[in-house]
Amino acid sequence: MDAQFKPALVEKAIYDFWEKNGYFTAKVDKQKQAFCIILPLPNANGSLHLGHAMFVHEDLMIRYHKIIGDETLWQLGLDHAGFETQYVYEKYLRKQGKSRFDFDRETLYQNIWQFVTDNKGNIKNQMRRLGFALDWSKEKFTLDPDIVQIVYQTFTKLHDAGLLYRANRLVNYCTRDGTSFSDLEVVDQEKEGTLYFIKYPLAGGGFITVATTRPETMFGDVAVMVNPKDKRYAKLVGQKVQLPLTKRIIPIIADPYVDQKFGTGAVKVTPAHDFNDFEIGKKHSLAFICVIGFDGRMQNTGIVDGLKVLPAREQTLKLLQEKGLVEKSAPHKMVAKTCYRCGNILELLPLEQWYVRVRPLVDKAKELVDKGEIKVYPKRFVRRLDMILDNFIDWNISRQVVWGIRIPAWQCAGCHEWIITAGEKPAKCSKCGSTNLQQDSDTFDTWFSSAQWPFATLRASHNEEFYDYFYPTSVMETGHDILRAWVARMIMIDYFITGKVPFKNVFLHGMVRDAKGQKMSKSKGNVIDPLIMVDKYGADALRAALIFGTKEGGDVVLSEQKIIGMRNFANKIWNIGRFIDMHISVIPSAAEGSLNAHLKTKLRDSSAPTLTVQNDSEKTLKQLNKEFKDIKKKYTRYMKGYRFSSAFDLVYHYLWHRYADYYIEQLKESLRNGNIKALEVLEQVYFETLAMLHPFIPFVTEAVWQQFHGVNSSILNYEKDMATEKR
RNA sequence: GGAGCCGUAGCUCAGUUGGCUAGAGCGUUACAUUGACAUUGUAAAGGUCACAGGUUCAAGUCCUGUCGGCUCCACCA
């Protein structure tokens, strides 16, 4: 054995050994307990970042369960990541001086398919480098035909249950990217804005002043509104106002929604471009005038048509000022809803979309969590999940992107009826019989398919027995940042379809931060590339650094220094093995009779001094055994309680600072004198410790194991091998 | 406005039914080293556990309040 553990030399060979010998391949084995984790879908087009590296939590659970003898499945899946991927592809097109509008739908889809196919291998190989024990033989992609079929069926089942409807509502729309978003995909950003006070002429003379941050939307105003309790305006309610510039006549109405203290206490009502105004508009049966188009340009104004929103605002203000209708303006902190991808300020535009009625699904999900049918770790996230479920609003699942699963709904050109199928084009309209049917051009929100992933992936391409064995899955492990977008929706949808929970436990990990506790971002330049770290220090070092000294569910502070510290630990493990190995090689053959099975096989001829069985170290060995028994107990308790950091920390300190620093030092002299008993105990405890550490740092533990047991042996068989040896 | 988390060594953090002298990693200092490992070992320095009350035989841990930081949700004309 070398004086140092060199990860780069062994990692690939060890990984290939595991993969090729089927250590990761799951099968139904009713003699064993099933343990299944569904990998949170990485983007098929993406490459590995530290967020993915946190899946090491899943790997360690899988490996732990493999070692204790469970039948494990870590189900691999890749996401088409609809808008996300199309966005990246469009950027790629732009570099070539092209845009998506240069292609028809079918060609664009095929091009992106190719683009994704070309890149799919990256993330998979990167996950291999981290040592992930994924079942590669069961890889699924969200656009696999069998998955798509299941997604269609879910859509129709929601429809049949009355949980699906189409509605014309205001949606968050990015005019740059050309698609709508659900409320969860919107990023609020504080902006310095201006509040303008604009005088609206009263029909009977005089003015009423309204305060607004968006004067350009005044062309879509349909009323001016005040609080009914507001004495200042009591006499004006019911009167008419002339919209400045256009002279259109609108009423003054009263509604308690208005805050008397804000601005002038009078507010313009623009139902087509503001959520609250939209509601007010419905309540008071007001008209609906849309003055911003999907291209982000003004329309129907007769004055600033064709201008983009910001120039239109300036132009409108200029015209108002010329007429002396701008009373004043004041700086105003406002929150802008922006596109999470491109940062563009989103417009609220009326668009007909498919919505999932979530209330019944949410109520059931809450019940499942409250009853403990789904347990959440760390516990504090139960509250968060509850709150998330309480606040869920109906889910807009339509997206105006090409890259995705096209919605299986057709509209009759004649009677405008919508017909929903499980994928196939309907022969004729079910209402009027027309054959002129047009398929919805929209695709599903990516989360709609990922929400079905646990059952969809286990049902697709597997038989019923396989599905029954592994579903419900054991643990859903993911970042707490997608509790809402993903975890909550899986519970809702999957229970609706299968009548069972998708997973029995949820374990949430935190975000990775830099050495100063700051978020990692490209602009800050503090991003750590996991693969570079693996190259430099080995996968074990990176993995351990993500677990060591953290709190379950808390953020992980990562630095290169920390990774180096863990690399040192891997080396320590290696050298303990080397130490034992060196002593085995000098065991005199005369001792053969008293050796345990393993030592016998390792026995080598040597010219070492004559054996002297010593009892001087008996007390130390007794103490060692007792202490180790206690460590094992604690370890199991921690592992079962999802306290992985504590488990790792425990064994780390035991092996390094008790086993090596204390016991080995105590026994060194005795070993030199040929104390076989001490060597046996040290070896046995060492192997057991390796097995405990293996889930966290699989490579070094396997490398050492194979040094002792041969390259065809694996520590993943530890329990089985030990059981055989005992017999 | 509602909720959650956090404040412990120079830095980053553990400390889960309240219980010996409060820990780790990194950093710092001194010493050791030819025989497992310098990616090492031994030892040291360094803490009013944010602050103020309370419960208790006993509080870093439980309760109340204050201050400071972070996050989520709602609202924002």
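Taken over the stretch A:339-348, the criterion of being modelled with pLDDT of 90 or more and out of contact with any Cys (no Cβ under 7 Å at 6 or more places or on another chain) is satisfied by A:ILE345, A:GLU347, A:LEU348.
Residue-level check: of (1) in a loop (DSSP other than H, G, I, E, B); (2) within 10 Å of RNA strand B (Cβ to nearest atom); (3) surrounded by fewer than 19 Cβ atoms within 10 Å (Cβ to Cβ); (4) not hydrophobic (A, V, I, L, M, F, W, C), A:LYS247 misses just (2).
When A:LEU41, A:LEU9 are checked against the criterion of being open to solvent by 20 Å² or more (accessible area, probe 1.4 Å) and in a loop (DSSP other than H, G, I, E, B), a single residue qualifies: A:LEU41. Quick check on my filter: what residues within the stretch A:501-522 are within 22 Å of A:PHE470 (Cβ to Cβ) and open to solvent by 60 Å² or more (accessible area, probe 1.4 Å)? Listed by number, the list holds a single entry, A:LYS504.
Applying a threshold of 7 Å to beta carbon distances and a minimum spacing of six or more residues, or different chains, the list of pairs starting in the stretch A:708-722 at a residue that is of a type in the set (S, T, N, Q) and ending at one that is assigned to a helix (DSSP H, G or I) and open to solvent by 10 Å² or more (accessible area, probe 1.4 Å) reads A:SER713/A:GLN706. From the residues in the stretch A:253-284 that are assigned to a strand (DSSP E or B) and crowded, with 22+ Cβ neighbours inside 10 Å, which one is farthest from RNA strand B (Cβ to nearest atom)? Within the stretch A:253-284, the match that is farthest from RNA strand B (Cβ to nearest atom) is A:VAL269. Summed over the stretch A:431-444, the residues that are hydroxyl-bearing (Ser, Thr, Tyr), open to solvent by less than 90 Å² (accessible area, probe 1.4 Å) and over 38 Å from the mean Cα position of the chain (by Cα) give a count of 1.
Within the stretch A:128-185, if we keep just the residues that are part of a loop (DSSP other than H, G, I, E, B) and among the β-branched types (Val, Ile, Thr), the residue that is nearest to A:GLU19 (Cα to Cα) turns out to be A:THR142. If only residues of the stretch A:658-668 that are open to solvent by 50 Å² or more (accessible area, probe 1.4 Å) and farther than 21 Å from A:ARG637 by Cα are counted, the one that is farthest from RNA strand B (Cβ to nearest atom) is A:GLN666.
Please verify whether the stretch A:182-197 includes one or more residues that are of a type in the set (S, T, N, Q) and more than 29 Å from A:PRO331 (Cα to Cα). Scanning the stretch A:182-197 turns up at least one residue that is of a type in the set (S, T, N, Q) and more than 29 Å from A:PRO331 (Cα to Cα). Scanning the stretch A:452-469 for residues that are at pLDDT 95 or above, closer than 18 Å to A:LEU41 by Cα and of a type in the set (A, V, I, L, M, F, W, C) yields a count of 4.
Residue by residue, here is whether (1) of a type in the set (Lys, Arg); (2) open to solvent by less than 80 Å² (accessible area, probe 1.4 Å); (3) out of contact with any His (no Cβ under 7 Å at 6 or more places or on another chain); (4) free of Cβ contacts under 8 Å to residues at least 40 places away in the same chain holds:
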position	(1), (2), (3), (4)
A:LYS308	yes, no, yes, yes
A:LYS323	yes, no, yes, no
A:VAL326	no, yes, yes, no
A:CYS339	no, yes, yes, no
A:GLN353	no, yes, yes, no
A:VAL376	no, yes, yes, no
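For the stretch A:557-571, the candidate set comprises residues that are surrounded by fewer than 17 Cβ atoms within 10 Å (Cβ to Cβ) and within 6 Å of RNA strand B (Cβ to nearest atom); within that set, the residue that is farthest from A:TYR686 (Cα to Cα) is A:GLN561. Give the residues of the stretch A:456-514 that are more than 15 Å from RNA strand B (Cβ to nearest atom) and part of a loop (DSSP other than H, G, I, E, B), sorted by residue number. Once the filter is applied, which keeps residues that are more than 15 Å from RNA strand B (Cβ to nearest atom) and part of a loop (DSSP other than H, G, I, E, B), the stretch A:456-514 yields A:ALA460, A:SER461, A:HIS462, A:ASN463, A:TYR471, A:PRO472, A:GLY499, A:LYS500, A:VAL501, A:PRO502. For the residues A:TRP136, A:TRP74, the requirement of being surrounded by fewer than 16 Cβ atoms within 10 Å (Cβ to Cβ) and of a type in the set (Phe, Trp, Tyr) singles out A:TRP136.
The single condition from (1) more than 13 Å from A:LEU134 (Cβ to Cβ); (2) in a loop (DSSP other than H, G, I, E, B) that A:TYR23 fails is (1).
Of the candidates A:LYS199, A:LYS229, the single residue that is out of contact with any His (no Cβ under 7 Å at 6 or more places or on another chain), in contact (Cβ under 8 Å) with a residue 12 or more places away in the chain and surrounded by fewer than 16 Cβ atoms within 10 Å (Cβ to Cβ) is A:LYS229.
If you go through the stretch A:625-654 and keep only what is open to solvent by 60 Å² or more (accessible area, probe 1.4 Å), within 14 Å of RNA strand B (Cβ to nearest atom) and touching a residue at least 40 places away in the same chain (Cβ under 8 Å), you end up with just A:ARG643.
The values are calculated or read from the model by the stated rules, or taken from the named source; none is laboratory data. Worth saying up front: this structure is predicted, and the values here are computed from it rather than measured. Counting neighbours? That spans all protein chains shown, and the Cβs are built from the backbone with ideal geometry, glycine included. These accessible areas exclude ligands, DNA and RNA; they are computed on the full protein's heavy atoms, side chains included. Shrake-Rupley method; radii C 1.70, N 1.55, O 1.52, S 1.80 Å.
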